Structure formats: C-alpha cells, structure tokens
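Engineer: Structure incoming, see below.
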Amino acid sequence: MTDDEITDAIEIEPEIPHRLDREIFETDTGILVIESGPRSGSRYALDSESISIGREKDADIFLDDVTVSRQHAIIERNKSIYRVSDVGSLNGTYLNAKIVRSEELTDGDVLQIGRFKLVFFHGIAQN
C-alpha cells in the first residue's frame, strides 16, 4: 500500500467504562451517569420510586451549581419505566437537547440539567 492510497477508516467507539456498570444492575433498574459538567463520571442507581434532582442539600441527586434550581426535576419509576419531570426550574430540563416538562426515559437518553449532562441506561444483569 502506498501513501497515496485512500483507505476506508473503521470508526470504533472507545470503550466507555461506565457503560460496563450496566452489568451489575438488573434490567429493571435505571442508572444515571454524569458525562459532562462538574462531578463528571458520577453514577446514580435509580432504585427508588421517586428520585429528586436539584441544588438542595437533601436532593437524592445533588447538583451543586447555580444553573440548577433547588428543586429542579424528579424521576419517577414504575417498574422498569422511568419518567423525568421538570418541577418548575428556572433554566428548564432538557432531554436529548429538547426542553421537556415530563417525558419517559429510554436507554441512551441524555438529560441536561443546568451545566450537567447525564446519560440514562438500564442495567443488563438478569434477575
């Protein structure tokens, strides 16, 4: 092969360590991973029926940044179905770059709350 030849590059997604965490959570358990923003890499198991997200110290997922309202959003669980709802935040709650009031979460969705981008996954471990 010469330097002048053009070859097709095969893009291989680099292994993202937190995606491997799915193996330790059961299929009906959701996981949120902070992918960008302060505390990048933090992981949260969504194993309660209701998970509060905000800047209040007693929030289940505490996001300490002025771009996050004290009571920003809530994630509600019904078996293996998760729904995120904005609870009157000033900056809004975004799901896959679209502002939402209430929306079901699906595997790989990107939730943006203030400067934080969180990715939603379901576990893959068998019961």
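The values are calculated or read from the model by the stated rules, or taken from the named source; none is laboratory data. Since the structure is predicted, the reported quantities are computational estimates derived from the model, not experimental observations. SASA here: full protein model, heavy atoms, side chains in, ligands and nucleic acids out. Shrake-Rupley method; radii C 1.70, N 1.55, O 1.52, S 1.80 Å.
Engineer: How many residues does region 80-114 hold that are open to solvent by less than 50 Å² (accessible area, probe 1.4 Å), under 12 Å from the mean Cα position of the chain (by Cα) and among the acidic types (Asp, Glu)?
Structural biologist: 1
Engineer: For residues in region 57-79 being open to solvent by 60 Å² or more (accessible area, probe 1.4 Å) and not in a strand (DSSP E or B), which is farthest from THR29 (Cα to Cα)?
Structural biologist: Top of the filtered list is VAL66.
Engineer: Is it the case that some residue within region 22-30 is closer than 22 Å to ARG101 by Cα and at pLDDT below 90?
Structural biologist: Checked region 22-30: at least one residue is closer than 22 Å to ARG101 by Cα and at pLDDT below 90.
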